[in-house]
Structure formats: C-alpha cells, structure tokens
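Everything below concerns the one structure shown next.
Coordinate-derived values only; no laboratory data. These figures come from a predicted structure and were not determined experimentally. Glycine gets a Cβ as well: all are built from the backbone with ideal geometry, and neighbour counts include every protein chain shown.
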Amino acid sequence: MRRIIGMALIMAATVAIALASSSSGGAPEIDPGSATSALALLAGAALMIRGRRRS
Amino acid sequence: MIRRASLLGLLLILELLALSLWLDNASLGHAAGLAWLVGRWGAWTGRFVVVSAVFLVIFGYPKARNSLPSLSIPLREAPISWGFLAGHFCSVAAFAGLSVPLYRSPSGTPGNLATGAWLAVGALAVALAGLAFAPPKLWMEAARATGNAWVYASAAGLSACLLGVASQWMWAPAAHLTFLMVKTILRAFVSGVIADPATRTIGCRGFDVEIAATCSGLEGIGLILAFGVAWLWLFRREFRFPHALLLIPASVAAIFPINALRITALILIGAAGAPGVAMGGFHSQAGWIAFNAVAAAFALTAQRLPWVTVPGRAAAVPARATENPTAPYLAPFLTILIAAMISRAASSGFEWLYPLRFFAAAGVLWFYRWKYAPLDWRFGWNAAAIGALVFAMWIGLDRVWGGGANAGLASGLSGLSAPARAGWLALRTLAAVVTVPIAEELAFRGFLMRRLVSADFESVDWRRFTFVPVLISSVAFGVLHGDRWLAGTLAGVFYAAALHRRGRIGDAVAAHAVTNALLAAWVLASGNWGLW
C-alpha cells in the first residue's frame, strides 16, 4: 500500500512537471522569467535547512 | 557511483536550464520540415526525457543496488576523462552556435540539413558528457544491471506526458473556483466589486483582470507537489510513513487559497492606482514568493514536527541559528534574492526599492561578522588584475552577443529628482562593489564549490582545485546572470582561480569587486544601463 501511494504521488508530481507551462495564453501564475532566482532561493534555503549540525 | 551520476545529471540540468532560458521554441512556430517538428514537439520531447530519466532512477536503482559495489570500484579507478569533457564543451559551443541561425533565422525557414546538424551536435554533446564521467564499458554494465527498467521508465514517462495533456480539463474548473474565492475575499475589502463568471473577469474601481486558466492555482499545486514528493523521497529515512504523507495535501491546501489571495492583492494594488506594479513586478514575483514560502514551511515543518519524524533520525535542530555552519555562507546571498523578489514585486520597470538589497545584505553580513573573522580576507594585485580581465571579457561578450537596453531603468532614473537619483545610484554602486561580491563569493566559491567536494565543506582546503566543482559552481553562477550566462560562467571560473592561487577568499571577493566597480563606472559614464 505504501509503495502504491508513493508511486501515485511520484506520478502526480511528474504529471505536474509535464503540465508546467504546457498551457498557452494569458500571464502565468508562475512566471518562467523569474524561475532562475526563485529556484536558486529554494535550493539555497533547502541547503540551509539541511545544513545544520547533527547532534 | 552515485556522486559521479549526480554530477553528470547536475551538469546536464544546468546546461538544459541555460538553453531553455535562451531558446524559445515558439519562434519555430512558422518553420517547416524538421524545424517545425522541433518547434511543435521539442518541449514535450524534453519533458519526456526528463520524466523518463527520473523513472529510470526510481525503477533501476532497486534492480541495480546489488551491482553498485562492482560498478563503483572500477569507476573510482577511472578518472573523469578531460578529453571527452573538452569535447562535450566544444559540442555545446557548436550547438549554441548552430542555435543562432536556427532560432533567429531572418527568413524564418531553417533548412532540414541545418536542423539535422543541430540535433546531431546536441546528441553528441550529451553522449560526450556521459563518456567523460564513465567509460563505455561501465555504461554497458550499468545498462545490463538495470535490465529492462528503461522500457518501464519510457512507458511511465510517456504515460505521464499523455496524462499531463489529458488532465488539462482541470484548468477551467480550478480557474472558476479561484474566481469565486477571489470574489469572496475582495468583497471583504472593497465595495462595488465587478465580477463576470462567464469570462472570469473580476475587479473594482476601474481596474479588473481576467483569471486565465494559467492563473487557476494549478501551477503552484504542481510545483509544491513536485517539491513535497522530492523532499519526502530524499529524506525518507527520517520520516514516519504514512504520517509524513499528510504534509503533501496540507501544502496543496495551503498554496491554492494563497493564489486567490495573490490575485486579490493584485486587484487591490491596481485599483489603488498602481496598475503597472500590479501587472508588472507583482504579477511576476508574487507566485514565486508564495511557492517559496509554502515550500520553506513544508521543509521546516517536516523537520520540526516530531509526529512525522522517526525519533533519533531527523537532523538535529540547534537552539540558535548561528550553530548552522551553512548559514554564514548562504544567508547573505539568499537575503539578496529575497530582497530582490520583494523590490521587483513593488516595481514596474524601474526597481526603485533596489537599496533594500544593499541594506538587507549588509545587515546579514553584520549579523554573522564574527563567523567571517577567521577567513582570510587579504588580497593582492593579482586579484585586481583578474577582476579587470573579467570586466574586459564581460564588455567584449556584451558587444558580441548583445544585451537588453534596460529602458525601465533609464526612464525610471530620468523621472527621479536629482538628490533621489544620486542616492539611488550611490546605493546601487555600493551594492555592486561591496555586498554583492562578498555575498556571492561566500555562496558560490566559499560554500557551493567546497560543498561539491565534501559534505563537510568547512574541512576542504581553500587551495584545493577540483575541476568539476569549479565548473558546476561557475555554471550555477552563470545561469543566475540570465542572458549573460556565458560571461557569468567564465567570470565564476576566473574568481575560482583567484581564490585557489593563495587560498584566500579575499582574493575572489576583491576580483569580483573590481569587476563590478569597473562595470559600474562604465555604466555611469556611458549610460549603457543594460549592463545593470
């Protein structure tokens, strides 16, 4: 069951990625032009959150 | 084995990202033959390849796990092939060169031969990168160890793409639900709301917007879903399942109404007399601000909520933020990124709030000042010479490739009073020469480059020169410079060279500061605002 849920989530996530910017027309909710700095911020924040010393 | 594969994946992803920012398949819309095929199906093919590669890792890893030791030992003995790597970069350069006539052909009809050569050179670049990181024999053994996982991965990738196309029916109902939420929230703030459900047009006081399918909130849901699944998968040993899975619907439930709040705020800003800000900077940045906030909340909740973590396995949360060794290196740069998002969100063309970047970064650098005291901040004339060389290279590449004019900055400055203009330019120059070089060198050379060598990055000698980390950290640095990614990448390599010469962070910072100071002088003297 756990595997099925996990696979379903992975499928949903990859579908979401495949969907991203596949629609046309209108200004998007997530602007691709600002993606680089926004994803750099996300990656940096993730590294900081995981960068703490283990006790 | 995993480290080598990760480095290869990271290199290809960064290059793909740089290319996707540079090339626009929409410009091939009116082409014919092979170029038309690239324009019509190129993006979907790219998505199929990326999704299939993810599934190949998921399906192939359990099958090949037992074979990993037998693959890892010969891989450790086989060094990275510099010849193939050089061939890869030559192919990437050729690919970029062939892209110019293909995507910017004045006639709009690139020939089949040119398009075929472009595709072949692209495939060659990928193949050479693969051969640089592992010899052909090991690739064959890895393919044998994963068995027919590639068949399942391709099928799953194709299914995901087909589902992606088929599930577009969700856009309209989601957009309608967002429309209803925006209407409800807006009525709590203002009277006289105009709302037309047929066209999903909503607004007040002479300012209205149409909630398009792309603004329905599904993009944010997709991103947070991808982030959440990746986070739970990466750190799965620390989480209690199925408890931790609840974080996924919780984050989706959070981001959807936040999108409605974003659109409401956009309408209120526009109705308050700033339609340019509403439809410009705010529209461009607010979605990313919302996504990053929810993603950070997800990661922090996952780490701090005992109910979802396995006791004793979660990364320890220190009593004080100053106990985090990564923070002094990354926090100043991340603060600049956050300040940039905020100041852009409040702008329309001209970033009047730019000084926020300077003061925010200066504050964080001051906060961690005692952490920087042990670092070697001395610098020599060689660093200044490297900085001047990078400046010359930057200007030269700008002449060859061309850059934007930044008309927004020019017109914004002309609209300011003389004292405000002088103050803005002074703080813009101070940021370029002081806070930006320190923050970026700490992040890219001080942290990322050494973190790619070892997880315990503080133990890595500053003089240690390892080619792949230098390359990856420089490409990452270059990608953040948008259209000038090539100049940014080369600058990163030069600053790394400045650092390695004597093992002093001060040399890298000085070189970077000299480049930015010369660029600032050039911009102020010539009025070429596009370089800022």
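In this simple spin-label model, placing a label point 7 Å from the Cα along the Cα-to-Cβ direction at both residue B:5 and residue B:376 gives a separation of 3.8 nm.
Take the alpha carbon gyration tensor of the protein assembly as shown, find the square roots of its eigenvalues, order them as a ≥ b ≥ c, and report rounded if a/c is under 1.5; if not, report prolate when a/b exceeds b/c, else oblate. Don't skip to the end; give the middle numbers.
Numbers: a/c = 1.23, a/b = 1.03, b/c = 1.19.
It comes out rounded by the Cα gyration axes.
Packing, taken as the mean count of other beta carbons within 10 Å per residue, orders the peptides B:469-478, B:425-434, B:412-421 from highest to lowest as B:469-478, B:425-434, B:412-421.
Based on Cα contacts under 8 Å between residues 6+ apart, chain B shows a relative contact order of 12 percent. Here the protein assembly as shown is treated with +1 on each Lys and Arg Cβ and -1 on each Asp and Glu Cβ, and its dipole about the Cα centre works out to around 1580 debye. For the stretch B:226-348, the Kirkwood estimate of the hydrodynamic radius, built from every pair of different alpha carbons, is 16.6 Å.
In the stretch B:2-147, the convex hull through the Cα atoms has an average projected area of 9.1 nm², a quarter of its surface area. As a ratio to 2.2 N^0.38 Å, the alpha-carbon radius of gyration for the stretch B:332-531 is 1.02.
log10 I(q)/I(0), Debye, Cα-only the stretch B:413-464, no solvent, q = 0.15, 0.24, 0.27, 0.28 Å⁻¹? Normalising to I(0) and taking log10 leaves -0.55, -0.84, -0.93, -0.95. Size of the stretch B:347-446 from its Cα atoms: along the principal axes, largest to smallest, the extents are 45, 36, 21 Å. Taken along its principal axes, the alpha carbon cloud of the stretch B:5-52 reaches lengths of 38, 22, 13 Å, longest axis first. For the stretch B:111-248, the alpha carbon positions stretch 71, 55, 25 Å along the principal axes, listed from largest to smallest.
Students often forget the sequence filter, so: which lysines lie under 28 Å Cα-Cα from residue B:137 once same-chain residues fewer than 8 apart are removed? The qualifying lysines are B:63. Using only Cα positions of the stretch B:148-227, each an equal point scatterer, no hydration layer, compute I(q)/I(0) via Debye at q = 0.12, 0.26 Å⁻¹ and quote the log10 values to two decimals. Calculated log10 I(q)/I(0) at the listed q: -0.49, -1.18. Note on residue B:411 and residue B:243: the extension gain reaches 55.1 nm, defined as 0.36 nm multiplied by sequence separation minus the Cα-Cα distance. Radius of gyration (Cα atoms) of chain B, expressed as a multiple of 2.2 N^0.38 Å: 1.05.
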